[in-house]
Amino acid sequence: MTQSPVDGGPLLSVRGLAMRYDATTALAAVDLDVQNGEFLTILGPSGSGKTTLLRLIGGFIEPSEGRILFDGVDIAHTAIEARPFNTVFQDYALFPHMNVAQNVGYGLMVRGRPKSEIAEKVAKYLEIVDLAGMERRHPAQLSGGQRQRVALARALICDPRLVLLDEPLAALDAGLRRQMQEFLKSIQRQTGVTFLFVTHDQDEAVTLSDRICVMAQGRVEQIGTARDIYYRPKSRFVATFFGDNNLIEGCRVTVDGACVETPLGVIDLAAPTALAGKRATLCIRPESLSPLSEGETADMSIQAQVTAVDFAGPVTRALLETDAGVRLSLKSFSRPERDSILAGARLTIGFTASATALIPAEAAP
């Protein structure tokens, strides 16, 4: 079982953490809290700084400045072997000359634990990762998913407080990757160990995470649950990187913050916004737009023409142009019978105020 952090605070806190290589800033003054027992994912595109952040926390590189607090103690310059956590790498880093049991028990062996204890714990963790009976196989005799589970068992066997995972599923094919996502989450729930996971895959982040930290250009853009980030993005980058979005420019929020004037009309907001009196960009997810049948109503309804339709299996995507000249994307579940959304058709489209989000217009490039 995991221990509780001192004074009930975060297990891990990063404060003002920065990494520079000569004139290049790889990480710029990042602040991040990781709570005890949570699955937190660092999400971002290549070059966003997510792997640099993980490597700094793991002790593989030293920061240019900033603190890494573990249970309130700064470990920013502590050696890797003295940090109470382990790392699972994308390539798994298994020893090819060792069998499964030897790979899993390696950490206990170098700590000088008795052979009987090592054998007992190896058997326990191979059972947990569903590899019992494969003790004598070598990495070359295992599938990608099995090697990933060996690496995970090796990381967990020494009872770490925190496990760092650097895109460990990236090399797997799509079907196996989905299976391993479910398995990884179940293992984290079963053991209660805190997981800090790095990925560029948005679907993977949503599937696995209690919270997500979205990064871009070495900075944290937003931290929150998948639902918060998806429906309440705080920047243009988050709004466009984390799923598809319609961005409607040229909006202005009323001085009381209760309404927003848009090219589509005035929208009464579900709650007053802090952008009162300011220019803003309105965000509407494509699936939040719905064709209205005759007699149906919505908070906001607009007239539009379908300019293109794209069937993508379970989802049909339509491109629209409103009478106000605004181009929108709409997504709806596909049906086996003929779809009513056809290219060239005129539709009345509705959406609710609660399905919209506002970001500062200054966030646009």
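Structure values in brief
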| item | result |
| --- | --- |
| Expected 222 nm ellipticity per residue - DSSP helices of 4 or more, -39500 (n - 2.57), all of the chain, to 500 | -7000 deg cm²/dmol |
| Over 26 Å between alpha carbons, listed pairs K50/K121; K121/K185; K278/K331; K185/K331; K115/K185 | K50/K121; K278/K331; K185/K331; K115/K185 |
| Label-to-label distance, nm, for residues given as D268 and R327 (7 Å Cα→Cβ offset) | 3.3 nm |
| Mean projected area (nm²) of the alpha-carbon convex hull when segment 14-137 is viewed from all directions | 9.8 nm² |
| Listed residues L56, L40, L319, most fluctuating in the chain (Gaussian network, C-alpha, under 10 Å) | L319 |
| Among I212, I68, I248, residue whose mean-square fluctuation peaks in a GNM of the chain (springs only between Cα atoms under 10 Å) | I248 |
| Two-site FRET efficiency, A312 against D173, from Cβ-Cβ distance with R₀ of 22 Å, rounded to 0.05 | 0.60 |
| Integer Hz, Karplus 6.51/-1.76/1.60 couplings in order for segment 247-257, x for Gly and Pro | 10, 10, 7, x, 9, 9, 7, 5, 4, 8, x |
| Prolate/oblate/rounded label for segment 144-274 (Cα gyration tensor, a/c 1.5) | prolate |
| Rel. contact order, % - alpha carbon contacts under 8 angstrom, at least six apart, the chain | 15 percent |
| Cα-centre dipole for the chain with unit charges at Cβ (Lys and Arg positive, Asp and Glu negative), debye to 20 | 880 debye |
| Calculated from backbone phi, Karplus (6.51, -1.76, 1.60) coupling profile of segment 61-75 in Hz, x at Gly/Pro | 9, 9, x, 6, 6, x, 10, 10, 9, 10, 6, x, 9, 6, 10 |
| Accessible area of the chain divided out per residue, in Å², using a probe of 1.4 angstrom | 48 Å² |
| Dipole of segment 198-278, positive direction: furthest Cα of L247, V214, L275, with charges on the beta-carbon | L275 |
| Sequence-distant residues sharing a close amide H with L27 (under 5 Å, placed H) | M19 |
| Distance in nm between pseudo-label sites at R335 and D31 (7 Å out along the Cβ direction from Cα) | 5.0 nm |
| Accessible carbon and sulfur surface of the chain relative to its total accessible area, %, 1.4 Å | 49 percent |
| Under-5 Å amide H pairs with R285, H placed in peptide plane, nonlocal only | N246 |
| Linear extension gain, L292 paired with Q305, 0.36 nm per residue minus alpha-carbon span | 3.4 nm |
| Mean separation of Cα contacts under 8 Å (6+ apart) over length of segment 62-141, as relative contact order % | 29 percent |
| Label-point separation in nm, I80 to F60, each point 7 Å along Cα→Cβ | 0.8 nm |
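The values are calculated or read from the model by the stated rules, or taken from the named source; none is laboratory data. In this text, all values refer to a predicted model and were calculated from it rather than measured experimentally. Please note: Cβ atoms are built from the backbone with ideal geometry, for glycine as well, and neighbour counts cover all protein chains shown. The accessibility values were calculated without ligands, DNA or RNA, using every heavy atom of the protein model including side chains. Shrake-Rupley method; radii C 1.70, N 1.55, O 1.52, S 1.80 Å.
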